[in-house]
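Each remark here refers to the structure printed beneath this line.
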Amino acid sequence: MRAMILEQAGKPLALRDCPVPGPRGRQVQLQVLACAVCRTDLHVVDGELPNPKLPLILGHEIVGRVTRVGEQVSLLFVGQRVGVPWLGWTCGECSYCLAGKENLCPKARFTGYTLDGGYAEFTVADERYCVPIPESYSDAGAAPLLCAGLIGYRSLVRAGDAKRLGIYGFGAAAHIVAQVARYQGRSVYAFTRTGDEEAQRFAKGLGAAWAGASDERPPEELDAAIIFAPVGALVPAALAAVRKGGTVVCGGIHMSDIPSFPYDLLWGERSVCSVANLTRKDAAEFMEIAPKVPVRTTTQPFALEQANDALNQLRSGHLQGAAVLMCD
Ligand SMILES: [Zn+2]
Ligand SMILES: [Zn+2]
């Protein structure tokens with residue numbers, strides 16, 4: 001199964017046609033200014049995530065300007081610049097939502113997956129799940145903050161107070177997390193594909209204390225590691241690199257199978273956990289911290305019509321930082 005993309009690109013959506021659940025009165029129409037391209041988009045296109053909305057407009061790192069508001073909209077105003085992240089809607093009633101874990105809501109809807117997203121000129125979102133964009137960011141510069149930044153930030157929080165932090169897979173999320181980690185006084189150890197010296201230089205340029213191949217051992221034991229690459233074999237590799245009591249955080253939505261490994265790698269109270277989606281609290285916290293660091297995003301612009309080129313370049317690993325579709 002292949003998801004269709006750009007199905008409705010160029011056709012402004014009428015509010016009444018929008019499949020966003022919840023009260024229509026809380027929906028806003030947005031002119032898309034920029035939309036970053038995420039690895040998750042590839043997983044959707046490749047049919048690796050179950051039950052996407054079809055046909056589907058991809059894209060969940062949307063920077064847009066509010067062009068119309070529903071009659072009950074109270075948080076946003078016409079002309080405001082906001083971001084639309086992956087978490088597009090939650091039920092607000094289930095045990096997860098009530099416990100502050102709306103990222104796990106079984107009825108949650110996701111932008112560019114179970115809701116139409118931002119590979120388009122216009123989109124529609126529920127105002128309660130939009131996040132204001134800090135003034136200091138350009139449209140393109142802000143777009144990668146909305147998933148690479150938010151999921152990366154949630155992964156960093158799950159890593160606890162680790163001083164020596166390993167990051168496996170040095171793409172869009174890693175290049176943001178590395179900056180926040182450095183700002184927080186941590187040391188970053190960057191792991192890339194074997195022989196990817198360009199990515200290793202990129203990591204060092206962002207302040208990584210060490211950069212090497214993912215099958216190498218870092219010069220010191222790590223307190224925690226975050227895996228952004230969708231490669232299951234990195235789980236035992238990361239476990240071997242963290243100290244006793246350390247954590248390995250899997251930050252991606254999809255990963256190839258994890259090969260079996262000796263219990264010895266897990267023993268010593270090491271733990272493995274995953275990060276699923278994000279909450280609105282993550283978004284608010286990260287948008288507060290990002291301009292303080294300040295997080296600078298490395299982006300490669302593409303025209304909306306070049307969406308497939310952008311996806312192909314992400315797939316082949318030839319992007320540094322994040323691809324951003326300029327939809328304006
Ligand atoms: Zn819920
Ligand atoms: Zn994403």
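At a probe size of 1.4 Å, how large is the accessible area of R182, to the nearest 10 Å²?
110 Å²
Where only protein heavy atoms count, and the probe is 1.4 Å, what is the accessible area per residue for the chain in Å²?
Per residue, the chain has an accessible area of 43 Å².
Pairs of alpha-carbon atoms within less than 8 angstrom and 6+ residues apart define the contacts here; what relative contact order does the chain have, in percent?
Here the relative contact order equals 19 percent.
Can you order the peptides 252-259, 234-241, 114-121 by their average number of other Cβ atoms within 10 Å per residue, highest first?
Packing order, densest peptide first, comes out as 114-121, 234-241, 252-259.
About its Cα centre, how strong a charge dipole does the chain have in debye, to the nearest 20, once Lys and Arg get +1 and Asp and Glu get -1 at the Cβ?
Dipole of the chain, to the nearest 20 debye: 560 debye.
Which whole-angstrom value gives the distance between the alpha carbon centres of the stretch 70-103 and the stretch 168-220?
33 Å
How many angstrom separate the Cα center of the stretch 135-161 from the Cα center of the stretch 284-328?
With the stretch 135-161 and the stretch 284-328 each reduced to a Cα centre, they are spaced 11 Å.
If I take every Cα pair under 8 Å that is 6 or more residues apart in the stretch 35-133, average their sequence separation and divide by the length, what percent do I get for the relative contact order?
That works out to 34 percent.
Less than 30 Å apart at the alpha-carbon level, and either on another chain or at least 8 residues along: which lysines does that give for K292?
Cα-Cα hits under 30 Å: K101, K163, K204, K281.
Taking +1 at the Cβ of each Lys and Arg and -1 at the Cβ of each Asp and Glu, which of L42, M287, A323 sits farthest along the dipole of the chain towards its positive end, judged by Cα position relative to the Cα centre?
M287
Relative to the longest principal axis of the chain, what angle (0 to 90°, nearest 10) does the C-alpha long axis of helix 172-183 take?
70 degrees
Over the stretch 116-261, with every protein chain in place, what whole percent of the accessible area is carbon and sulfur at 1.4 Å, could you tell me?
Roughly 47 percent, rounded to a whole number.
Add -39500 (n - 2.57) for each DSSP H run of 4 or more in the chain, then divide by its residues: what number comes out at 222 nm, to the nearest 500 deg cm²/dmol?
Dividing the helical sum by the residues of the chain leaves -6000 deg cm²/dmol.
For the chain, modelled as a Gaussian network with Cα springs under 10 Å, which listed residue fluctuates most, V242, V32, V231?
Residue with maximal mean-square fluctuation among V242, V32, V231: V231.
The values are calculated or read from the model by the stated rules, or taken from the named source; none is laboratory data. Being a predicted model, the structure only gives us computed values, none of them experimental. Quick reminder, even Gly has a Cβ in these numbers, built from the backbone with ideal geometry, and neighbours come from all protein chains shown. Ligands, DNA and RNA are excluded from the accessible area calculation, which covers all protein heavy atoms including side chains. Shrake-Rupley method; radii C 1.70, N 1.55, O 1.52, S 1.80 Å.
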